[in-house]
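J.: Here it is, the structure, as structure tokens.
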Amino acid sequence: MKVRLNVNGTWFEVEAHEYETLLEILRDRLDITSVKEGCLRGECGVCTVLLDGRPVNSCLVLAPQADGREVTTLEGLLHDETMKRIQETFARNGAVQCGYCTPAMLLVAWYLVKSGVDSLEEIKRYMSGVLCRCTGYVSIIRSVAQVVDEMLIR
Amino acid sequence: MRVIPSFEYYRATSLKEALKLLSTVEEPTVIAGGTDLIPAMRDGLEPRSIVDISGVEELKYVKRDDGYIKIGCLTTISTLESSDMIQAYAYSLAEASRLMASIQVRNKATIGGNLCNASPAADTAPPLLTYDAEVVLASASGSRIVKLNRFFEGPKKTCLKKGELLVEVRFKPAGSGVCFMKLGRRTSFTISIVSVAAKVEVEGGRLKNVRIALGSVAPMPVRALRLEEYLEGKTPTPENISRAAKLVLEDISPITDVRSTAEYRKRVSQVLVRDALMRAVKRVREE
């Protein structure tokens, strides 16, 4: 079947099977490789994308369910000022180890900063949907908290 | 990659179309948020046909109507978490929604899916049971209303008949004396070892219309009827509530599984019931 979807501002029409998922469309058809394959059951969060602006697990979106929708991935936010700030803070804090979870962590961090989240408890609650198997949570959470603080001060 | 087995795919764009598909398609399986179904398919479940209702906009709502709070089956857990109406009239459902899964899952998972999947650990069920909620089951030939406590029949089993769809959850607005608590193996993004919802009213210093419901301690989400009965008309003192909490054991039948043991669940159920009741009592605003 044909699936029409907007990825990072551009409309694409791709051929996909009903039993494939948005994750496969992004990685295998459109070469969007910041979106990673992990547990494939909505637990690890490394396949996170923003679907119509909200974080979801792309491994849990059937290809036809992505039809007509808007998808944002890290590739679409590379020139965004807030995203640049988050990336720089991650780098400064050493919040990247193997890097596999990093794109998803950045996306959720961007979403929560944009949503006006302002407490450490809420930051942790939002970030809990992405697992870091290097267990580098302390520097990740510290980075997000720093960005949130800077945004509040500004 | 664990591949999803192939299936016939049908997309509904209206409720009418969804009900028609459910009555004509062979062995239909409904997909809404897909957060339970897709992992099950990767684990080997092979539905013959899938009816996709996720695009049926008319089933996404939270409204106050005819004295009821009515929630469309496709309302997401995220919506429940942030809805002003749910905060005001079903606060423990908002609490349960907040504590459920991850933001990624809450943005897709629906209240209808959470109930129809009929997991003993379904987090929306205990609060709804304490509100004496009803579900509206529709089919191409009409609809019926079933009390939620009659809807669940066992793990993964409901009273849904062939061709029926759970289209709405409804209940009378709950007061402020409600509380949901859950214990998992970690704080965030966790499946419950035990979950408890409590609802109380206080009139003239005495408890009234006490409701307690629990998840993960029986083949389905259950009410603690013996405990409710015992507390009716009692004063809401810590002594009375602690004494009552022990009675929860009469209505639960926990098992040992990967998350916990039956013995631990029995102990911790009493603690959680006591704490949830105390908090619900504290939240009561005498109006």
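J.: Are any residues in the range B:90-107 within 16 Å of B:Leu129 (Cβ to Cβ) and hydroxyl-bearing (Ser, Thr, Tyr), and if so, which ones?
T.: B:Tyr91, B:Ser92, B:Ser97
J.: Here is a further query. Taking B:Ser260 as the residue in question, decide whether it is open to solvent by less than 60 Å² (accessible area, probe 1.4 Å) and polar (S, T, N, Q).
T.: Values: open to solvent by less than 60 Å² (accessible area, probe 1.4 Å): yes; polar (S, T, N, Q): yes.
Criteria met by B:Ser260.
J.: For residues that are of a type in the set (D, E, K, R) and within 12 Å of chain A (Cβ to nearest Cβ), scanning just the range B:40-60, find the one that is nearest to B:Ala138 (Cα to Cα). Break it down into steps so the answer makes sense when it comes.
T.: Keep residues of the range B:40-60 that are of a type in the set (D, E, K, R), which gives B:42-43, B:46, B:48, B:52, B:57-58, B:60.
Those left that are additionally within 12 Å of chain A (Cβ to nearest Cβ): B:42-43, B:46, B:52.
On the way: B:Arg42: 29, B:Asp43: 30, B:Glu46: 25, B:Asp52: 16 Å.
Only one residue tops the list, namely B:Asp52.
J.: May I ask you to verify whether B:Leu80 is assigned to a helix (DSSP H, G or I), open to solvent by less than 10 Å² (accessible area, probe 1.4 Å) and more than 10 Å from chain A (Cβ to nearest Cβ)? Steps first, please.
T.: Numbers: assigned to a helix (DSSP H, G or I): yes; open to solvent by less than 10 Å² (accessible area, probe 1.4 Å): yes; more than 10 Å from chain A (Cβ to nearest Cβ): yes.
Yes.
J.: Go through the range B:4-15 residue by residue and tally those that are within 14 Å of another protein chain (Cβ to nearest Cβ), out of contact with any Ser or Thr (no Cβ under 6 Å at 6 or more places or on another chain) and either over 15 Å from B:Leu37 (Cβ atoms) or outside any loop (DSSP other than H, G, I, E, B) (or both).
T.: Adding up the residues that qualify gives 5.
J.: Report, by residue number, each residue of the range B:138-156 that is over 19 Å from the mean Cα position of the chain (by Cα) and either at pLDDT below 95 or not in a strand (DSSP E or B) (or both).
T.: Scanning the range B:138-156 gives B:Ala140, B:Ser141.
J.: Continuing with this model, one more query. Anything in the range B:1-36 that is of a type in the set (A, V, I, L, M), touching a strand residue (DSSP E or B) at 6+ places or on another chain (Cβ under 7 Å) and without any contact (Cβ under 8 Å) to a residue 24 or more places away in the chain? List them, or say none. Quick ask: steps written out before the conclusion?
T.: Within the range B:1-36, the subset of a type in the set (A, V, I, L, M) is B:1, B:3-4, B:12, B:15, B:18-19, B:21-22, B:25, B:30-32.
Subsequent filtering for residues that are touching a strand residue (DSSP E or B) at 6+ places or on another chain (Cβ under 7 Å) retains B:12, B:15, B:18-19, B:21-22, B:25, B:30-32.
B:Ile31 - this is the single residue of the range B:1-36 that is of a type in the set (A, V, I, L, M), touching a strand residue (DSSP E or B) at 6+ places or on another chain (Cβ under 7 Å) and without any contact (Cβ under 8 Å) to a residue 24 or more places away in the chain.
J.: For the range B:16-39, which positions are at the interface with another protein chain (Cβ under 9 Å from one of its Cβ atoms) and either farther than 20 Å from B:Val105 by Cα or surrounded by fewer than 21 Cβ atoms within 10 Å (Cβ to Cβ) (or both)?
T.: Of everything in the range B:16-39, just one residue is at the interface with another protein chain (Cβ under 9 Å from one of its Cβ atoms) and either farther than 20 Å from B:Val105 by Cα or surrounded by fewer than 21 Cβ atoms within 10 Å (Cβ to Cβ) (or both), namely B:Pro39.
J.: Taking the range B:158-206 as the search range and keeping residues that are within 14 Å of another protein chain (Cβ to nearest Cβ) and hydrophobic (A, V, I, L, M, F, W, C), which one is most open to solvent (accessible area, probe 1.4 Å)?
T.: Here the residue is B:Ile191.
J.: Then there's this: Exactly one condition in (1) more than 22 Å from B:Ile191 (Cβ to Cβ); (2) in contact with a strand residue (DSSP E or B) (Cβ under 8 Å, 6 or more places away or on another chain) is false for B:Arg243; which is it?
T.: Evaluating B:Arg243 over (1) more than 22 Å from B:Ile191 (Cβ to Cβ); (2) in contact with a strand residue (DSSP E or B) (Cβ under 8 Å, 6 or more places away or on another chain) leaves (2) as the failure.
J.: So, in the range A:23-49, how many residues would count as being under 21 Å from A:Trp110 (Cα atoms) and buried (at least 23 other Cβ atoms within 10 Å of the Cβ)?
T.: 10
J.: Got a number for residues in the range A:8-30 being on the phi > 0 side of the Ramachandran plot and free of Cβ contacts under 8 Å to residues at least 40 places away in the same chain? Show your work before the answer.
T.: Here is the first cut: in the range A:8-30, the ones on the phi > 0 side of the Ramachandran plot are A:8-9.
Next, only the ones that are free of Cβ contacts under 8 Å to residues at least 40 places away in the same chain stay: none.
Counting residues in the range A:8-30 that are on the phi > 0 side of the Ramachandran plot and free of Cβ contacts under 8 Å to residues at least 40 places away in the same chain gives 0.
J.: Going by the conditions given, is A:Gly53 open to solvent by 10 Å² or more (accessible area, probe 1.4 Å), modelled with pLDDT of 95 or more and within 13 Å of chain B (Cβ to nearest Cβ)?
T.: Values: open to solvent by 10 Å² or more (accessible area, probe 1.4 Å): yes; modelled with pLDDT of 95 or more: yes; within 13 Å of chain B (Cβ to nearest Cβ): yes.
Spelling it out, A:Gly53 is indeed open to solvent by 10 Å² or more (accessible area, probe 1.4 Å), modelled with pLDDT of 95 or more and within 13 Å of chain B (Cβ to nearest Cβ).
J.: Hey, among A:Thr89, A:Thr72, which residue is among the hydroxyl-bearing types (Ser, Thr, Tyr), open to solvent by less than 60 Å² (accessible area, probe 1.4 Å) and within 14 Å of chain B (Cβ to nearest Cβ)? Full working, then the answer.
T.: Details: A:Thr89 fails: within 14 Å of chain B (Cβ to nearest Cβ).
It is A:Thr72.
J.: Please pick out the residue among B:Ala40, B:Ala88 that is among the hydrophobic types (A, V, I, L, M, F, W, C) and under 19 Å from the mean Cα position of the chain (by Cα). Walk me through how you get there before you give the answer.
T.: Numbers: B:Ala40 fails: under 19 Å from the mean Cα position of the chain (by Cα).
Answer to the selection: B:Ala88.
J.: Applying the selection to the range B:16-50, what residues are outside any helix (DSSP H, G or I) and closer than 21 Å to A:Glu43 by Cβ?
T.: First, pick out the residues of the range B:16-50 that are outside any helix (DSSP H, G or I): B:25-36, B:43-50.
Scanning the range B:16-50 gives B:Ile31, B:Ala32, B:Gly33, B:Gly34, B:Thr35, B:Asp36, B:Asp43, B:Gly44, B:Leu45.
J.: Oh, and also: Which number in (1) on the phi < 0 side of the Ramachandran plot; (2) at pLDDT 95 or above marks the one condition that A:Gly99 misses?
T.: Of (1) on the phi < 0 side of the Ramachandran plot; (2) at pLDDT 95 or above, only one is false for A:Gly99: (1).
J.: Scanning for something outside any helix (DSSP H, G or I), surrounded by fewer than 20 Cβ atoms within 10 Å (Cβ to Cβ) and hydroxyl-bearing (Ser, Thr, Tyr), does the range A:129-146 turn up at least one residue?
T.: yes
The values are calculated or read from the model by the stated rules, or taken from the named source; none is laboratory data. The model shown is predicted, which means the values in this text are computed figures rather than measured ones. Every residue, glycine among them, receives a Cβ derived from its backbone with ideal geometry; neighbour counts consider all protein chains shown. Keep in mind that these areas ignore ligands, DNA and RNA; they rest on the heavy atoms of the full protein, side chains included. Shrake-Rupley method; radii C 1.70, N 1.55, O 1.52, S 1.80 Å.
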